[in-house]
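See below for the structure under consideration.
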Amino acid sequence: MGAKVSEHRWGMAIDLDRCTGCQACVAACHAENNLPVSNPEQAAKGRAVHWIRVDRYYEGEFPNVRVKYRPVLCQQCDEAPCEPVCPVYATYKNPEGLNVQVYNRCVGTRYCANNCPYSVRFFNWFDPAWPEPLQLQHNPDVSIREGGVMEKCTFCIQRIQRAEEDGSSDIQPACVQSCPAEAMVFGDLNDSESNVSRLAGSGRATQLLGELGTKPKVFYLERAK
Amino acid sequence: MNNAAQDVRRDLWRPLQGVSWRYLAVILPLSLVTLWGLIAWGYQLHHGIGVAGIRRPVFWGFYLVDFVFWIGISHAGTLISAILRLTDAEWRKPVTRAAEAITVFALMIGGMFPIVHLGRAWIFYWLVPYPNSRLLWPNFRSPLVWDLTAISTYLIGSTIFLFLPLIPDVAQLAKHTTGWRRWLYRRLALGWTGSDREWHALERAMKLMAGIILAVAVSVHTVVAWDFSMAVAPMWHSTIFGPYFVAGAIFSGIAALIIAMAVIRKTMRLEQYLTPHHFNNLAKLLLLMSLLWTYFTVAENLTAWYGNEPKEMAVFGARARGVYAPYFWTMVVCNFFVPFVLLGIKKLRSIKTALIASVTVLIGMWLERYIIIIPTLSRPRLTAAWGSYAPSWVEISITVATFTTMVVLYLSFAKLFPIISIWEFKPHDRVSES
């Protein structure tokens, strides 16, 4: 083992001043990652799965209300609170700094989800089902998760892997690719020349709940107040 | 053998003989409820854990509440009987076995819940560090692995603790019974002959086990508390959770013991053996633990409220004046006011009031675990992710079934073995005679 320095350290920057809350990222993520489709009863219970969601926060009193959108996905923490609590190592840090979930190892204690301050972990309450003919559009690069296991955003690890196999450096997770406002930027934090490194180092960058010491690799860009 | 000793044996063996229709009228309906609980669990295994009411963000619900509750009840036996054994309290003698049996059965029930609540319950053994071809180990940093270790140690330890003082009694029973009972008692007696060497060894083993079990019992409920306090969730990440949970566990354990003893006393006509003196002493212990629990509860909530940290206040507010307030204040009444009035005022303290207080304490302590687990999970740090929880019929069925299972197991045990340790009782009886 030892401290092996990896070539890549993937990160993301999300410009909150650009986000329009259009939910294109949410739809793209569903299609790319074979997310189970919920039904009205289960969704009303809060069981719909969205690896990325757009949180809305309201400021001011009616009629002078300002809505602030914040897309929230797994923050890929360097010090992830979800990792140490898993009794079977189903969630761990991979060499490229990604916090990954091993579906086949997960026994479903849901402890990781309780300990995630961002509430971005989702549980498969049942075996997944897709209404016909949606199952035909499954992404062959992404495994289907069975009932009883935890899942969450992977930073589209299948796309990262594909790009590395092809020797390409153009990697975009589905949410980044589909953002019409170009509010999201993905890249290598180890590369000081990359866009994401520049943005993460800019004065506008903040980390969500950074005070908890989780060291997220997702940076939110906001106009300084 | 003198007459007094013969009387003791006659009285304490009487409940073992025959099965009355009244016994069956209690056991059979309760067994049906237990069966219903098993069916509910089978339904959950077949359809998926989603048939329970848990949902994001409340990933832990009734099952974890039941888990902590039953592990708490299990502290009746060991702690009480171990402490009383170590301090040589004479009055403990007719109480210990009733208490130790509660421990073993409550642990069996409580220990099931971490498995019942798993998303994929059939691979629960992946938490066990066993050698396997893929060289995979459990994560020893996870409190859930500590939990598994602590609870299985406790179950083995408390079973031995129950079994050791049973040996002289089953050896006696083997001499005086026939058929399958004789076969069973002889196996369990392990060839006990009653020689001085054996008595001496038994005494030493019990002293040793009492010491060990005390440490194990404290560590078990501390580890259960750490399942919560190791998480960074608001109002869980608390330093006092270990001792707070241990105190709560002993508190509910004593309440369970008082209820069990009151029922045994009436149904098995053991009024001479389980006297108001015993109930008076246990009631005082219950009152003491009620005060200790109240102290911890005040310390826990007052500091959170005074600190006024927004994330903690969201949980505190939901408990003290929000949707969970009815449960919270019922808990305070059940766990503090009822025992304080009924047992604190000497004139009011009797077997009946001790029984009433014990029932409210059990209700209150179940609610306490609910109040600790659910509000925190329903109020995560990001307000956009806030949610709620309501149990489904599956969780309610399994919860109710655990109580009936406890009664069935306990009554079956009392039918097979004398619920009061005969050999320990007799010397005491002789002393009081002379």
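FYI, it's all coordinate maths here, none of it is from the lab. Keep in mind that this is a model prediction, so the values were computed, not measured. Neighbour counts are summed over all protein chains in view; Cβ atoms, including those assigned to glycine, are modelled from backbone coordinates with ideal geometry.
Any idea what angle helix B:62-73 forms with the longest principal axis of chain B, computed on alpha-carbon atoms, 0 to 90 degrees, nearest 10?
Between helix and principal axis, roughly 40 degrees.
Suppose only helical runs count, i.e. DSSP H with n ≥ 4. What mean residue ellipticity at 222 nm does that imply for chain B under -39500 (n - 2.57) per run, divided by all residues and rounded to the nearest 500 deg cm²/dmol? Numbers along the way, then the final one.
Working: 17 runs with 308 residues, N = 434.
After summing the helix terms and dividing by residue count, I get -24000 deg cm²/dmol.
Let me know the shape class of the stretch A:12-221, please: from the alpha-carbon gyration tensor, a ≥ b ≥ c as square roots of the eigenvalues, rounded when a/c is under 1.5, otherwise prolate if a/b is greater than b/c, or oblate.
Verdict is rounded for the stretch A:12-221.
What are the extents of the Cα atoms of chain B along their three principal axes, in Å, largest first?
Projected onto the principal axes, the Cα atoms of chain B cover 76, 62, 42 Å.
Rounded, prolate or oblate: which one fits the stretch B:268-311, using the alpha carbon gyration tensor with axes a ≥ b ≥ c (rounded when a/c is under 1.5, else prolate when a/b beats b/c, else oblate)?
It is prolate, given that a/c is not under 1.5 and a/b is the larger ratio.
Shielding of B:37-50 by partners, i.e. mean partner chain Cβ atoms within 10 Å per residue?
2
So in chain A, which Cys have no other cysteine's beta-carbon sitting under 4.7 angstrom from theirs?
Cys with no partner Cβ under 4.7 Å: A:C19, A:C22, A:C29, A:C77, A:C86, A:C106, A:C116, A:C156, A:C179.
Which of A:R162, A:R110, A:R145 moves most in a GNM of chain A, Cα contacts under 10 Å?
Among A:R162, A:R110, A:R145, the largest mean-square fluctuation in the Gaussian network model of chain A belongs to A:R162.
Choose one answer from B:A225, B:A325, B:A247: the residue with the largest mean-square fluctuation in a GNM of chain B with alpha-carbon springs under 10 Å.
Largest GNM mean-square fluctuation: B:A325.
Would you mind ranking A:D166, A:D78 so that the residue whose beta carbon has the fewest other beta carbons within 10 Å leads the list? Provide the component values of the computation, followed by the final result.
Values: A:D166 9, A:D78 14.
The order, fewest Cβ neighbours first, is A:D166, A:D78.
Work out the mean other chain Cβ neighbour count within 10 Å for the residues of B:133-139 and drop it here as an integer.
Values: counts 0, 1, 0, 3, 2, 4, 10.
Other-chain Cβ atoms within 10 Å of each residue's Cβ, averaged: 3.
If you average the C-alpha positions of the stretch B:211-277 and of the stretch A:159-225 separately, how far apart do those two centres end up, in angstrom?
That distance is 50 Å.
How crowded by other chains is B:51-62, given as the mean number of beta carbons from other chains within 10 Å of each beta carbon? Walk me through the numbers before you get to the answer.
Numbers: counts 2, 1, 1, 5, 7, 12, 6, 4, 13, 5, 0, 0.
Partner Cβ neighbours, averaged per residue: 5.
Report the Cα centroid-to-centroid distance between the stretch A:98-140 and the stretch B:358-392 in angstrom, as an integer.
Going from one Cα centre to the other spans 25 Å.
Among rounded, prolate and oblate, which fits the protein assembly as shown when a ≥ b ≥ c are the square roots of the eigenvalues of its C-alpha gyration tensor, a/c under 1.5 means rounded, and a/b larger than b/c means prolate? Can you show the working numbers first?
Working: a/c = 2.54, a/b = 2.12, b/c = 1.20.
It is prolate, given that a/c is not under 1.5 and a/b is the larger ratio.
Within the set of other residues whose C-beta is less than 14 Å from the C-beta of A:W125, count the net charge using Lys and Arg as +1 and Asp and Glu as -1.
Details: positive: A:K45, A:R47, A:R110, A:R121, A:R145, B:R55, B:R56, B:R120; negative: A:E41, A:D127, A:E146, A:E151, B:E395.
Around A:W125, the surrounding residues sum to +3.
Using only alpha carbon pairs under 8 Å that are at least six residues apart, calculate the relative contact order of chain A and give it in whole percent.
Values: 401 pairs, mean separation 68.2, N = 225.
That works out to 30 percent.
Are there trypsin sites (Lys or Arg not before Pro) in the stretch B:217-283 that DSSP marks as loop and that have at most 12 other Cβ atoms within 10 Å, and which are they?
Working: sites: B:R265, B:K266, B:R269; in loops: B:R269.
Sites meeting the loop and neighbour criteria: B:R269.
If I take all pairs of Cα atoms in the stretch A:33-136, what percentage of them are more than 17 Å from each other?
Numbers: 3416 of 5356 pairs.
Everything past 17 Å amounts to 64 percent.
Nearest 10 degrees is fine. How inclined is helix B:75-86 to the longest principal axis of chain B, computing both from alpha carbons?
With both axes taken from Cα atoms, the answer is about 50 degrees.
Which of B:V218, B:V26, B:V315 moves most in a GNM of chain B, Cα contacts under 10 Å?
B:V26
Any chance you could check the Cα centroid distance between the stretch B:54-87 and the stretch B:1-31 for me, in angstrom?
That distance is 30 Å.
Output the pairs from A:K45/A:K215; A:K152/B:K311; A:K68/A:K215; B:K207/B:K347 with a Cα-Cα distance over 28 Å in this structure; if there are none, say none.
Numbers: A:K45/A:K215 31 Å; A:K152/B:K311 24 Å; A:K68/A:K215 23 Å; B:K207/B:K347 37 Å.
Violating the 28 Å limit, Cα to Cα: A:K45/A:K215; B:K207/B:K347.
When only Cα pairs under 8 Å and 6 or more residues apart are kept, what is the percent relative contact order across chain B? The partial results should precede the final answer.
On the way: 573 pairs, mean separation 133.9, N = 434.
This gives 31 percent for chain B.
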